[in-house]
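Trainee: Here you go, one structure.
The values are calculated or read from the model by the stated rules, or taken from the named source; none is laboratory data. Not measured: the values here are computed from a predicted model. Here the Cβ positions follow ideal geometry from the backbone for every residue, glycine too, while neighbour counts run over all protein chains shown.
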Amino acid sequence: MKRFVLLLLFVITCMQSFAYTSQGNWRWRNNNGSETTATWRADQNQSIRINSIDNIIRLRIQVNNNTGNTKGINSNLQYASAPDGPWRYITNFEGNNAFRFSNTNAKVTDQSPTTQQLSGSSNTFIQGKLFVKTNELDVSMTDATTTEFEYSLQPTDNIEPNTTYYFRIPGNDYPVALPALKTTATVKTQPKLLTNGSFEEHAKDWTFKVLSPAAATTSLADSIHKDGIHSLIVNVTQTGTATAVRLTHKAIPLNVGHTYMVRFWAYATKNSAKLQLALKGKKTLPYSFKLYTGWQEYTFAFKAADSKAALHFLFQTATSYVIDKVEILDENNEEVDVSMNYMWQNNRPESEYSWLSADGENSEQLPDGRTVWTFSDGWYGYNDTTTNSMSTHQLLRNTFVTQSKPRPNGALHTIIGGTLDQPQALMIPPDKRGHDNFFWPRDMTVENDSLKVLLPEVIQWHENDPLTDGHRQAVGVFSLPDLKLQSIKWMPWLDSVTTNYIALCKGDDGYTYAYGSRQITSTENHAVVARFPTGQLSATTPWQFLTNDGWSNDPANSKEIADVQLYSVARLGYHNYMSLFLNPLSDKIEVLYAESPVGPWVGRSIVGQIEGQQDILSYFGLLHEETANNGVYTFSYSNIGNIGQMLDDKTVYWPSYLKADLKSLSPFNNNVAPVDKLEFTANHKGKRALLQWKWETVVNTNRFEIERSADGRKDWTTIAVVSAKDRASAANYELFDNKPFDGKNYYRLKRVDITGNSALSPVKLVTVQSAAVATIFPNPTHGAVNVIINSKVKDNITAVLTDMKGTVVHQEIIPVTAHSSQYVLHINQNLAHGLYSLQLKGKELDIQLKVAIQ
């Protein structure tokens, strides 16, 4: 497993010690003017009240550096509903957040400089920034300086009435009371499916019941919470039946057939404390949990079978439970991918040996519409959809899971190596070495009817040694659509290279780019990039590596293209690329954008929040491109705890799935590809069809596929595939169909770009008629000459009969119709016995036949 990673990060965290910059004075202002002219809503360090979410509010914050050193700070802004958190990043999206950046503002411009307007610091002032859209910006401050940031904020309908919210720039000391605002009781809010889930209104909408002989009490806690300022304590001193101690929320309205997810935070004073959730409508949906002694997020996804259901918590261990932030999210939630969570929880057949939990969740859409997932270091067994625990000790280093259709209804089937009696990893090094040697698979791509997987090597040289990078990388090739392993071969140009390449992206220019990371410190990695011709990921086509001097075959001098590791890279459009990543030990998922696959990368933004769970590490920010829907993408991160906790709670080692409109943040969405202009013609050339086309500006074109149909409506068949001559300029193409249908032939051209997307040309018609055919019957004959002519057109055929000396003995015109008919030559003389030659000539007939007269 990854215990060595946990230990390493724990040691690093404990060793770090910093002197922090300090967050100083602050002030709220109206959005009625510029950075210098907008009026103030309150005095310095005074909170405000808001009763509407319709207006932009602006917050000014001072930051001071008195550490004695130059310090780098980040301008992120967080909010919380208690002064001690938990804190959430303010991003550009509403999601489940109470505040977001306004994104637009007619009064001020994003990242415009600030002047000094707050008092209280004698340090030298340096310009800060005003933030309308940017939510992530690093700033360097020399010692004895002060700066000011101003934030343009929009309250959302997730805001709570009668609630005080606090704000901070993370990573600072806070000697001054935090900025705050309070909402009124009448502020507009989004109605919640489950009310009072954070127990801020004490026991409202909840009922607590204890049946003898069980004994239990409830109380509110003010010092421990995950939302607001309260949580609920349930102290069970004696258990009874499984349902004896219960906490029930009033009936919740649901839409039948829709997908929902219950989400709550809890812990107990005893590990493996049993808690059961039950949704009770006309029928009951039960789900069991085992709680641990640290705050953890628990989920249960379901499809509503009834129009309303009551939520029950059943406490089944003699211990104290703490529960908070209980909520129900529906399938339209803008932040959590509820449908994806439902699919992974419920759509693995219970009778089938399958994935239970794992990390490294890369995904790739297949040509037949399915999605294939690859995982590393997973637990496998038989899934029980009624419990969050699992009973297995089977660990496999890697597998595939196929998804049959889009979430939430896709069936999930696991592909392993070995047999059910002796399961093993699907992808194994071809020349294993050391005590343990395996692959943690990374990104995948579809090429030439195959699925190809990047396979960095992991090795444990001796039994008690740590797992280390093997400094080799292979490519695994699987046939499609059956996903049968065809080969695993080492890429020799990556031997002894310390960089692991983990992400792939098809570019605009006919190359696929591979992204690796160069380790700078234990918690810092920088990105490097290589490339190969699209369609040629193999062990025989060497890569080129970007260096300061251009592209090189030597990876040693690879140039760093970003000061982070690019975990996922995707092409959003023409000259529009995005990378998603999660830095080690970070609590935020971020994105970067570029016009080229190699950068420069700009527009760094926070798009997801890691909900810090106690004793659980989160890592691997991964994008799932197949989920793209009008710019909205699902992305995920992996989680890990100790092994005992994993077995008691599958979701400790499950990916968390979020979503957001990631494309909306790109500064390159207005880049427009050159207009493709097609000239396509199809003409009859004798017995063949000549197809000609010219594609003006064939940017991004990979190939052309010529399709033919007999009726122009259905049964289109690909008769030829032509590779694009030049992906950067126009080109002329010509192709003959040597065996067209007899009669009508409909042709169309399919242009396929480098990402697999395609476009069809208008349909062209070519009519090909077979040449007329003639025979003599009977032959030999006793005098009369009978000719059978099969003609496709109405015609006048000239018939000339000559003897073997070449003398014309008979000639006439035969009028034929457009079908097969028999004609008798009108010969007015008795022909001598012997051989004769009959020539028949017309529009489509020119033939000479031998005639024997007996």
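Trainee: Of everything in region 257-278, what is under 20 Å from E334 (Cα atoms) and among the β-branched types (V, I, T)? Give them in sequence order.
Mentor: Result: T259, V262.
Trainee: Now for a separate question. Filter region 20-36 down to residues that are part of a loop (DSSP other than H, G, I, E, B) and either aromatic (F, W, Y) or buried (at least 23 other Cβ atoms within 10 Å of the Cβ) (or both), then give me how many there are. So that I can check it myself, show each step before the final result.
Mentor: Here is the first cut: in region 20-36, the ones part of a loop (DSSP other than H, G, I, E, B) are 20-21, 30-36.
Then keep just the ones that are either aromatic (F, W, Y) or buried (at least 23 other Cβ atoms within 10 Å of the Cβ) (or both); that gives 20-21.
Total meeting the criteria: 2.
Trainee: When you scan region 138-154, how many residues do you find that are of a type in the set (G, A, S) and part of a loop (DSSP other than H, G, I, E, B)?
Mentor: So the answer is 1.
Trainee: Let me ask something else about it. Grab the strands (runs of 3 or more DSSP E) fully contained in region 155-217, keeping just those with 2 or more residues being of a type in the set (A, V, I, L, M) and more than 21 Å from I323 (Cβ to Cβ).
Mentor: 180-183
Trainee: Something else now. Could you run through region 777-794 and say how many residues are surrounded by 18 or more Cβ atoms within 10 Å (Cβ to Cβ) and either among the acidic types (D, E) or modelled with pLDDT of 80 or more (or both)?
Mentor: Result for region 777-794: 3.
Trainee: Those residues that are under 25 Å from K303 (Cβ atoms) and assigned to a strand (DSSP E or B), I need them from region 354-371; list them, please.
Mentor: S354, W355, L356, S357, A358, E361, S363, Q365, T371
Trainee: What are the residues in region 559-588 that are within 14 Å of the chain's Cα centre (by Cα) and not in a loop (DSSP other than H, G, I, E, B), if any?
Mentor: Of everything in region 559-588, those that are within 14 Å of the chain's Cα centre (by Cα) and not in a loop (DSSP other than H, G, I, E, B) turn out to be S568, V569, A570, R571, L572, Y577, M578, S579, L580, F581.
For (1) touching a Leu at 6+ places or on another chain (Cβ under 6 Å); (2) at pLDDT below 95; (3) not hydrophobic (A, V, I, L, M, F, W, C), each residue gets a yes or a no:
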{"residue": "L396", "(1), (2), (3)": "no, no, no"}
{"residue": "H435", "(1), (2), (3)": "no, no, yes"}
{"residue": "L454", "(1), (2), (3)": "no, no, no"}
{"residue": "V458", "(1), (2), (3)": "yes, no, no"}
{"residue": "V477", "(1), (2), (3)": "no, no, no"}
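Trainee: Output the number of the condition that L455 fails; it satisfies all remaining conditions of (1) under 21 Å from the mean Cα position of the chain (by Cα); (2) part of a loop (DSSP other than H, G, I, E, B); (3) without any contact (Cβ under 8 Å) to a residue 40 or more places away in the chain.
Mentor: Of the numbered conditions (1) under 21 Å from the mean Cα position of the chain (by Cα); (2) part of a loop (DSSP other than H, G, I, E, B); (3) without any contact (Cβ under 8 Å) to a residue 40 or more places away in the chain, the odd one out for L455 is (2).
Trainee: Give me the residue from region 649-697 that is within 21 Å of V763 (Cα to Cα) and among the aliphatic types (A, V, I, L, M) and, out of that set, modelled with the lowest pLDDT.
Mentor: Residue satisfying both the conditions and the ranking: V675.
Trainee: Among the residues of region 480-504 satisfying the criterion of being of a type in the set (S, T, N, Q) and assigned to a strand (DSSP E or B), which is nearest to the chain's Cα centre (by Cα)?
Mentor: My answer is N500.
Trainee: If you don't mind, another one. With respect to K290, is the statement that it is under 27 Å from P213 (Cβ atoms), at pLDDT 95 or above and among the basic types (K, R) true?
Mentor: Answer is yes for this residue.
Trainee: Spot the failing condition for I847; the list is (1) at pLDDT 85 or above; (2) in a strand (DSSP E or B), and only one is missed.
Mentor: With respect to (1) at pLDDT 85 or above; (2) in a strand (DSSP E or B), I847 is out only on (1).
Trainee: Next question. Would you check which residues across region 624-666 are assigned to a helix (DSSP H, G or I) and more than 24 Å from A268 (Cα to Cα) and list them?
Mentor: L662, K663, S664, L665
Trainee: Within region 275-306, work out how many residues are in contact with a strand residue (DSSP E or B) (Cβ under 8 Å, 6 or more places away or on another chain) and either in a loop (DSSP other than H, G, I, E, B) or of a type in the set (D, E) (or both).
Mentor: Residues flagged as in contact with a strand residue (DSSP E or B) (Cβ under 8 Å, 6 or more places away or on another chain) and either in a loop (DSSP other than H, G, I, E, B) or of a type in the set (D, E) (or both) within region 275-306 amount to 8.
Trainee: Hey, could you check region 354-390 for residues that are surrounded by fewer than 17 Cβ atoms within 10 Å (Cβ to Cβ) and either free of Cβ contacts under 8 Å to residues at least 40 places away in the same chain or under 15 Å from the mean Cα position of the chain (by Cα) (or both) and say which is farthest from C505 (Cα to Cα)?
Mentor: By that ranking, first place goes to D384.
Trainee: Something else now. Consider region 218-268. How many of its residues are farther than 20 Å from E297 by Cα, assigned to a strand (DSSP E or B) and touching an Asp or Glu at 6+ places or on another chain (Cβ under 9 Å)?
Mentor: 1
Trainee: Of all residues in region 67-102, how many are of a type outside the set (V, I, T), over 30 Å from S52 (Cβ atoms) and crowded, with 20+ Cβ neighbours inside 10 Å?
Mentor: From region 67-102, those of a type outside the set (V, I, T) are 68-69, 71-72, 74-89, 92-102; that's our starting set.
Now drop any that are not over 30 Å from S52 (Cβ atoms), which leaves 68-69, 71-72, 74.
If we keep only those that are crowded, with 20+ Cβ neighbours inside 10 Å as well, we get 71.
Adding up the residues that qualify gives 1.
Trainee: Checking N828 against (1) at pLDDT 90 or above; (2) exposed (fewer than 14 other Cβ atoms within 10 Å of the Cβ): exactly one of these is not met. Which one?
Mentor: The number of the failed condition is (1).
Trainee: Something else now. Where the second residue is assigned to a strand (DSSP E or B) and among the acidic types (D, E) and the first is over 17 Å from S75 (Cβ atoms) and lies in region 595-610, which pairs have Cβ atoms under 9 Å and are six or more apart or on separate chains?
Mentor: G608/E590
Trainee: Being under 17 Å from T498 (Cβ atoms) and free of Cβ contacts under 8 Å to residues at least 40 places away in the same chain: is that true of D549 here? Give the derivation first.
Mentor: On the way: under 17 Å from T498 (Cβ atoms): no; free of Cβ contacts under 8 Å to residues at least 40 places away in the same chain: yes.
No; evaluated as a whole, the condition is false for this residue.
Trainee: Which residue pairs have Cβ atoms under 7 Å apart, sit 6 or more places apart or on different chains, and have a first residue in region 328-349 that is more than 20 Å from V372 (Cβ to Cβ) and a second that is polar (S, T, N, Q) and surrounded by 22 or more Cβ atoms within 10 Å (Cβ to Cβ)?
Mentor: Listed by first residue and then by second, the contacts come to E331/T259; E331/S339; V338/T259.
Trainee: Still on this structure, I have one more. Which ones in region 377-406 are acidic (D, E) and either under 15 Å from V652 (Cα atoms) or not assigned by TED's automatic domain parsing to the domain that holds F478 (or both)?
Mentor: Of everything in region 377-406, just one residue is acidic (D, E) and either under 15 Å from V652 (Cα atoms) or not assigned by TED's automatic domain parsing to the domain that holds F478 (or both), namely D377.
Trainee: Got a number for residues in region 113-138 being touching a Ser or Thr at 6+ places or on another chain (Cβ under 6 Å), surrounded by fewer than 18 Cβ atoms within 10 Å (Cβ to Cβ) and modelled with pLDDT under 95?
Mentor: 1
Trainee: What are the residues in region 510-538 that are more than 22 Å from N583 (Cα to Cα) and buried (at least 17 other Cβ atoms within 10 Å of the Cβ), if any?
Mentor: Correct list: G510, Y511, T512, R531, F532, T534, G535, L537, S538.
Trainee: If you check G281 against the conditions, is it touching a Leu at 6+ places or on another chain (Cβ under 9 Å) and either closer than 30 Å to N332 by Cα or outside the structural domain of I323 (by TED's automatic domain parsing) (or both)?
Mentor: yes
Trainee: Can you find even one residue in region 185-196 that is among the polar types (S, T, N, Q), at pLDDT 95 or above, surrounded by 14 or more Cβ atoms within 10 Å (Cβ to Cβ) and farther than 27 Å from E334 by Cα?
Mentor: No: zero hits.
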